[in-house]
Each structure stands twice: as structure tokens, then as C-alpha cells.
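Beneath this line is the structure, given in C-alpha cells, with notes to follow.
The values are calculated or read from the model by the stated rules, or taken from the named source; none is laboratory data. Every value quoted in this text rests on a predicted model; they were computed, and no experiment measured them. All Cβ positions, glycine included, derive from the backbone under ideal geometry; neighbour counts span all protein chains shown. When the accessible area is computed, the model is the full protein with side chains, heavy atoms only, and any ligands, DNA or RNA have been set aside. Shrake-Rupley method; radii C 1.70, N 1.55, O 1.52, S 1.80 Å.
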Amino acid sequence: LRFDASNRTLLEAGLMRAAEASACDVRELLARLESKDSDALLQLVVRHVTIGETYFFRHPEHFAALRERALPALTANRQPGDKLRAWSAGCANGEEAWSLAMVLAEAWPLGNVEVLGTDINRAALDRARAGRYSRWSLRSENPMVSRWLDQRDEQISVAERLRPQVRFNYLNLRDAIYPSLFTGTNQLDVIFCRNVLVYFLPAAAAEVLRRFRDCLSDGGWLVVSALDALDIPDGLERHTHGATLLLRKPAAPTIRVAPRTSQAAPPSRAPVRSDVLLRAKHAADKHDLDAAIALVEDALAGERSTTALHLYALVLGEHGRAAEQARVLQEIIERNPEDVLAHLYLGLASTPGAARTRELQYVGELCNKHRDEELLPGADPLPVAWVRKMAKAAQ
Ligand SMILES: C[S@@+](CC[C@H](N)C(=O)[O-])C[C@H]1O[C@@H](n2cnc3c(N)ncnc32)[C@H](O)[C@@H]1O
């Protein structure tokens with residue numbers, strides 16, 4: 001995070017409040033932060049030195065551009081059975097993610113809308129999941145609010161029918177874990193990241209924007225606030241809707257296939273297994289879980305490769321088929337007892353208790369056999385440093 005003359009007082013006051021909350025002075029707080037790998041203490045400091053300001057339909061021009069420009073382009077060539085997926089990165093208390101879900105749900109069948117909200121502030125994520133707000137969150141007027149929020153006296157809550165379409169997870173934008181299947185950040189149609197990167201050092205903000213580009217599907221849209229959009233990476237087009245800037249990953253060119261004459265037609269061939277696995281990965285990236293499971297089972301019928309098993313385990317877990325997922329992970333571990341990601345997923349999927357703690361501690365031990373920057377193989381390779389941190393936090 002960037003602290004300079006403009007926000008130095010935020011840092012000072014925040015550190016003082018965090019020190020007070022942990023019954024020590026600022027010097028001691030900093031020493032503790034440096035000496036201990038304490039997620040709880042870091043969380044406390046994050047809460048006090050970041051700004052979580054947000055409300056429904058904040059910057060209404062972005063939502064208008066999404067509805068009037070981005071969504072018509074995104075939905076033009078899709079079937080209603082296809083998913084439409086968006087990410088609110090740095091979602092604070094969640095109003096931005098819920099607002100995105102409302103706009104998408106008014107343009108597309110509700111059951112095929114998926115919105116992910118992420119932040120580093122776990123307390124804010126809890127509020128986002130609860131989906132209950134005060135009138136102060138409705139500072140910006142929008143007619144959708146009356147259709148998707150239940151308002152009783154001073155209490156406002158998100159309509160039940162919208163809730164299954166939105167999920168909230170911890171994700172630090174400084175960790176190299178996106179795009180990835182594991183974090184649900186592949187092949188996204190829309191990313192909103194507003195009033196977040198302005199607090200980052202320029203090089204860090206540029207790295208985040210490059211990662212966002214790689215998370216987008218072809219033709220997907222990125223919306224950042226004006227202050228965040230200083231250094232736009234290659235591979236993103238600038239579009240304007242009125243005075244609003246939108247960034248877009250170019251749409252894939254439409255390939256026109258000339259009709260084949262009978263002589264020119266090649267002999268028909270069964271699809272190669274690796275093609276099937278690629279298609280399974282693509283379906284999983286799109287969160288089309290039924291299709292992904294069917295395709296990966298097809299690939300496995302040919303060859304039970306570890307890569308295919310990893311993908312199978314991930315999609316089974318996403319589908320809520322925990323017992324089958326555990327069996328597949330065991331199969332991977334039987335082949336390679338030191339498969340770090342298989343142990344990680346097994347640990348994360350198990351209920352809190354001694355066995356889970358042991359499994360996740362073992363993940364930490366296995367990580368120590370690798371270099372921090374190494375990528376661990378799986379359906380989606382993940383960096384060692386992050387896996388170690390994740391395993392520790394989840395114990
Ligand atoms: C001012 S709020 C913006 C909320 C919302 N995007 C909006 O524009 O209304 C900034 C949010 O960014 C989050 N944030 C700061 N650094 C982050 C990081 N490294 N990774 C993820 N979120 C971060 C903060 O916790 C805070 O909730």
C-alpha cells in the first residue's frame with residue numbers, strides 16, 4: 001500500500017488505533033508485526049489503515065456503461081444457458097458486488113449469473129456475506145434497488161433470490177494467485193476494481209492490471225476508476241461510453257470456415273484426449289461444472305493422468321461432491337505422497353479439527369522442500385509462498 005503526504009495521517013491514526021486495540025504502543029505493534037507471521041494482527045492493522053468506503057451503485061456512470069455498452073456486446077453471441085461472470089475486486093462491504101449482480105440479473109437469466117467479491121478485510125467480507133445494510137449504503141439512487149433489496153424500516157437486506165449468485169472470498173491482490181481456477185478468477189466477463197489501486201505503489205498497480213487482463217475472457221470488460229487507470233497494459237483496448245472509460249480485452253476474431261468439398265474433407269478422427277482435457281479446463285474456467293465433469297471423466301477414461309485427476313478434484317469440490325473429491329485426491333496422493341496441492345485441497349475440504357490442522361501443517365512442511373517462487377503443479381499451478389500462507393491461515 002502506498003502512503004505519502006496525502007494519506008500519511010491515515011497511516012498514523014490507523015496504527016495508533018490498531019496499537020490501542022491490541023493493548024500496546026505503536027513501536028511494539030510494529031515489532032510484533034515484523035517478528036510474527038500473525039494473520040490476526042495483520043488483519044487488525046489492515047482494518048485500521050485501509051478505507052472501506054463503498055455504497056450501492058457508487059459511480060453510477062460505470063453501471064450505466066456496463067448495462068448500455070458492455071452487456072449488449074457480451075450477450076450478443078451467447079446462449080441463455082451460458083454463464084455470465086463478474087468479479088468485484090476490493091469489494092469492501094460488498095455493495096459493489098451486489099450492484100453488479102443486480103445489473104447482470106436484469107440482462108441475463110438469474111441462474112446463470114455469477115459474481116465473485118474479494119477483499120483483504122475479513123470483517124468486511126463477513127458483512128458482505130450477511131448482505132444487510134443501513135440506509136447510508138443507498139446514497140446513490142437507482143431503481144434496481146427497489147427490485148433487489150428488501151427494505152424494512154432502517155434495515156435493508158439483499159433479496160433471497162439474488163444471494164446464491166454471489167460469493168465472497170479473501171483474496172489479496174498482491175498475491176500471484178489470479179487468474180486461477182482455484183480462486184474462480186479465470187475467464188471472467190466483467191471485472192470491477194474501483195478505488196483500490198489508487199492506494200497501491202505504481203509498479204504494483206501495473207502488475208494487478210496485467211493480471212486482470214489475463215483473467216478476462218476474450219471480449220471481457222474491465223472497469224477501474226479514473227485514478228486507478230494510469231498505466232494501462234498492452235492487450236487492453238480503451239473504449240469510452242460518454243465520458244466513462246472502459247477497458248476491453250479484444251474479442252476473439254470470428255473465424256469463417258469455407259464449406260469443404262467432399263474430396264477435400266479429411267478423414268474423420270475421434271477427438272484426441274488432450275483436446276478433451278483442454279475443453280474440460282475451459283468449461284471449468286467458465287464455471288460450467290456439469291460440462292467440465294463430463295469432459296474430464298471422458299479424458300480419464302482414456303488416461304488417468306495426474307493433471308486430469310487434479311482438475312477432476314477441483315470441479316468435484318466446486319460442485320459440492322466432497323466424498324468423491326476426497327477419493328480423487330487420495331488417488332493423487334497414492335501416486336505421489338508429496339503432491340502439495342492434493343494435500344492442500346484435502347485439508348481445506350475437511351472440517352475444522354485435529355485432522356485438518358495436521359494435514360495443513362503437513363502442507364507447510366512440504367512447502368519447505370520447495371523454493372518460494374516455484375509453481376506447484378496441479379489443474380492450475382499455484383506459487384509455493386502463497387500455498388504456505390493459505391495453509392497456515394486455514395489451520
Ligand atoms: C475504498 S474501498 C473500495 C470499495 C469498492 N470497490 C468501491 O469502489 O466502492 C477499497 C477496498 O480495497 C481493499 N484492498 C486494499 N488493498 C487490497 C489488496 N491488496 N487486495 C485486496 N483488497 C484490497 C480494502 O480492504 C477496501 O475494502
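A few remarks follow.
- The range 288-390: equivalent-ellipsoid semi-axes (sqrt of 5 x gyration tensor eigenvalues, Cα, Å): 23, 16, 12
- Prolate/oblate/rounded label for the range 1-75 (Cα gyration tensor, a/c 1.5): prolate
- Heavy-atom accessible area, probed at 1.4 angstrom with all protein chains present, ranks R58, R161 as R161, R58, highest first.
- Length available on full extension from E141 to A322: 0.36 nm per residue minus the Cα-Cα distance, which gives 60.9 nm.
- Dipole size of the range 1-128 about its Cα centre, with +1 on Lys/Arg Cβ and -1 on Asp/Glu Cβ: approximately 200 debye, rounded to the nearest 20.
- Three principal axis extents of the range 282-325 based on alpha-carbon atoms, in descending order, are 24, 23, 14 Å.
- Residue-span extension gain [D231 to R122] - 0.36 nm each, minus C-alpha spacing: 36.4 nm
- When the Cα positions of N93, L344, L295 are compared along the charge dipole of the chain, L295 comes out farthest toward the positive end, with charges on each C-beta of Lys, Arg, Asp and Glu.
- One Cα centroid belongs to the range 49-121, the other to the range 340-381; the line between them spans 32 Å.
- Cα-Cα P(r), the range 129-256, percent of pairs per 10 Å interval: 11, 32, 32, 22, 3, 0
- Both numbers refer to the Cα atoms of the range 60-100; Rg and Dmax are 11.8, 34 Å.
- Compared with the direct C-alpha span, the chain from A243 to D290 gains 12.8 nm at full extension, assuming 0.36 nm per residue.
- Model label zone, E154; criterion: amide N under 11 Å from point 7 Å along Cα-to-beta-carbon; scope the range 119-144: 134-136
- Charging the Cβ of each Asp and Glu at -1 and of each Lys and Arg at +1, and nothing else, the dipole of the range 8-57 about its Cα centre rounds to 60 debye.
- The distance linking the range 132-174 with the range 19-40 is 34 Å (Cα centroid to Cα centroid, whole angstrom).
- Each Lys and Arg contributes +1 and each Asp and Glu -1, all at the Cβ; summed about the Cα centre of the chain, the dipole is approximately 440 debye.
- Projecting the Cα atoms of G220, P72, V198 onto the charge dipole of the chain (Cβ charges, centred on the Cα centre) puts P72 farthest toward the positive pole.
- Surface composition of the chain: carbon and sulfur atoms hold 52% of the protein heavy-atom accessible area at a 1.4 Å probe.
- Largest to smallest accessible area among D288, D189 [probe 1.4 Å]: D288, D189
- Square roots of five times the Cα gyration tensor eigenvalues for the range 49-132, Å: 25, 14, 10
- Equivalent ellipsoid semi-axes - Cα gyration tensor, the chain, angstrom: 35, 30, 20
- Selected from Y178, L29, L138, residue furthest toward positive end of dipole (the chain; charges at beta carbon): L138
- Residues A251 and L33, FRET efficiency given R0 of 51 Å [Cβ-Cβ distance, rounded to 0.05]: 0.65
- Solvent exposure of the chain amounts to 51 Å² per residue of accessible area, where only protein heavy atoms count and the probe is 1.4 Å.
- Longest DSSP-loop-exposure-free segment, GluC sites (Glu not before Pro), the chain, at most 13 other Cβ within 10 Å: 155-302
- Helical mean residue ellipticity (222 nm; -39500 (n - 2.57) per DSSP H run of 4+; nearest 500) of the chain: -13000 deg cm²/dmol
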